[in-house]
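A.B. asks: There's a structure below that I have some questions on.
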Amino acid sequence: MVAVYNKDLLSWYLITLKLRETLNNAPKQIEGASDDNVSQQDQQQAQQQSRSESLEVVVDQEETCIQGETSQSPSPKGTEWIISIKEKLEEAAQDDVAGSWAKICIYRVPNFLREQDDDKTYIPQVVSIGPYHRGRRRLLAMERHKWRALYHMLKLKKQDIGQYINAMKELEERTRSCYEGPLLNITSNEFVEMMVLDGCFIIELLKGYVEGFENLGYERNDPIFAMRGMMYSIRRDLMMIENQIPVFVLDKLLGIQLGDPDKKGLTAELALIFFDPLSPIDEPLTARQKTKLESSLHANKVAFHPLSDQSGLHCLDIFRRSLLRKGPEPMPRHWFKKWSRRNMVVDHRRTQLIHCVMDLKEAGLKFKQRKTDRFWDIKFKNGVLHIPRLLVHDGTKALFLNLVAYEQSHLDCTNDITAYVVFMDNLINSAQDVSYLHYCGILEHWLGNDVEVADMFNHLCREVVFDINDSYLSNVSEQVNMYYQRRWNAWKASLKHKYFYNPWAIISFLAAVFLILLTFAQTYYSVYSYYRPPN
């Protein structure tokens, strides 16, 4: 089929075809026609034939040009494919902007750390904070209580919501950069509303727990702000790595509420009291410490700063810093220095720092409770491993897993909690290990039996990337292993376990030794009298 783009040429072409068809089908003229008529018809046919031939030449030339242009240009599908590749490269260039990853402090749990039964470990069960779990069906019931908390706060302070909205609009870009991955499904207005609603809800929880919820305008039978069971579940959800909000947002909202928008550090002080029941330390905050923390809420008082000048990045980071606050100041990890190919290990054979409790006990090593409130501060001296007392409850597994996940994701913090968990995982392999640590006063748990405690510790370090050379317990582990490899220590321990395990065994052993000495003396005098008889 001929492709024609000129309307005039197309019209002449159709007229020519019609005339040719008419002339071919016309009957022959009768004989005797004049020569003038015949000559005129021949001239008309010749003109029409020449026009048709010229039209065909023009059409063929245009078709040839069109085919040539088509062969040189790419197909539409190929063009779209190249455009999509270029768009992906542009997105990669935007993601690879210098400093974009350094601002992230709220992470999603890596897939290699998740398990099929981790629904209650990393996913909130009562309340969602931040964008990661926003809109979950089972968490929607708490949304109306968030709005109720916001209403109570505004009513008590007689403030307008516009102050909080404007403050969050100014912090929107900074807040978005704290979360891992672009939050494209949340508009600007929705994000600002979420920050105000979730942030004020957390502030009401922290202040109400310290000052009393009744003083904030809540009824004593309030379904959320009075029930202890619900408060425990909320506290546990706020310790999850994916359920966090930046602390500078909380400081800003609390500062506006107190009339000092630039005030910082007060959120961390309130969080220490609120999250203290989740601590694995057996001893809670003393009355004096609570008094100092509560005094910082009132004006003209010197604030108590257990975290010095660092208030943390979010509630989980604040709690982690509080657990390590009395130890040496941690040095941040650097990727190229600490995570070389030689040091970064996943092989659990290399993470085996020490042997289990029963093996160490058979080798003569002793276990003793250390009197300190730093549960991670483990010492070894003269064959005795001094371990502080550790309290294990229903929320200990989720707490340790989220702390380990945070240390695995955030490179600007040490791996002290991970090192402690790995150390305890090596110590505890069975229920017998748990039972002996409980007998020594080192481990106290509220779980069903010792088997559950052993299973918990054995599941804490699965797929954890841990550098054995980057652990504050590396020297302790080396000393314990050197003591374990000395055979003389094992022999002494075996002698003690077999013959000195109770007073009656000691008496039997001494009696046997006494009889052996008497037998030896009798034999000696018999031989002596034989060779040297008396005169």
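A.B. asks: What residue among Asn189, Met227, Leu216 has its Cα farthest toward the positive end of the dipole of region 188-228, where the charges are +1 on Lys, Arg and -1 on Asp, Glu, each on the Cβ?
C.D. replies: Met227
A.B. asks: When a footprinting reagent is the concern and you count Cβ atoms within 10 Å, what order do Thr414, Thr267, Thr187 take, fewest first?
C.D. replies: The most exposed by this proxy come first: Thr187, Thr414, Thr267.
A.B. asks: While we're looking at this one, here's another question. Report the Cα-based extents of region 386-492 along its three principal axes, largest first, to the nearest Å.
C.D. replies: Principal-axis extents of the Cα atoms in region 386-492, largest first: 45, 36, 22 Å.
A.B. asks: Contour minus end-to-end for Ser508 and Trp101, with contour as 0.36 nm per residue of separation and end-to-end as the Cα-Cα distance?
C.D. replies: 139.5 nm
A.B. asks: Then there is this: Using only the alpha carbons of region 137-210, determine the length spanned along each of the three principal axes and report them from longest to shortest in whole angstroms.
C.D. replies: If we take the Cα atoms of region 137-210, the spans are 35, 31, 21 Å.
A.B. asks: Further, regarding this structure: For region 390-442, what is the convex hull volume of the alpha-carbon atoms per residue, in Å³?
C.D. replies: Numbers: hull volume 4.4 nm³, N = 53.
It comes to 82 Å³ per residue, whole-number rounded.
A.B. asks: While we're here: How much net charge surrounds Lys169 when only the other residues with a Cβ under 14 Å from the Cβ of Lys169 are counted, with Lys and Arg +1 and Asp and Glu -1?
C.D. replies: Neighbourhood net charge equals -2.
A.B. asks: To make sure I understand, if each residue's beta carbon is the centre and we count other beta carbons within 10 Å, what order do Val451, Val464 fall in, fewest to most? The partial results should precede the final answer.
C.D. replies: Values: Val451 12, Val464 21.
If I rank by nearby Cβ atoms, fewest first, I get Val451, Val464.
A.B. asks: Counting Lys +1, Arg +1, Asp -1, Glu -1, what net charge surrounds Thr187 among other residues with beta carbon under 12 Å of its beta carbon?
C.D. replies: Summing Lys/Arg as +1 and Asp/Glu as -1 gives -2.
A.B. asks: Taking neighbour counts of Cβ atoms within 10 Å as a proxy for exposure, in what order, fewest first, do Met195, Met153 appear?
C.D. replies: Neighbour counts put them in this order, fewest first: Met153, Met195.
Taken together, the values in this text are just the output of simple stated rules run on the coordinates, not laboratory data. What you see is a predicted model; the values in this text were computed from it and never measured. Quick reminder, even Gly has a Cβ in these numbers, built from the backbone with ideal geometry, and neighbours come from all protein chains shown.
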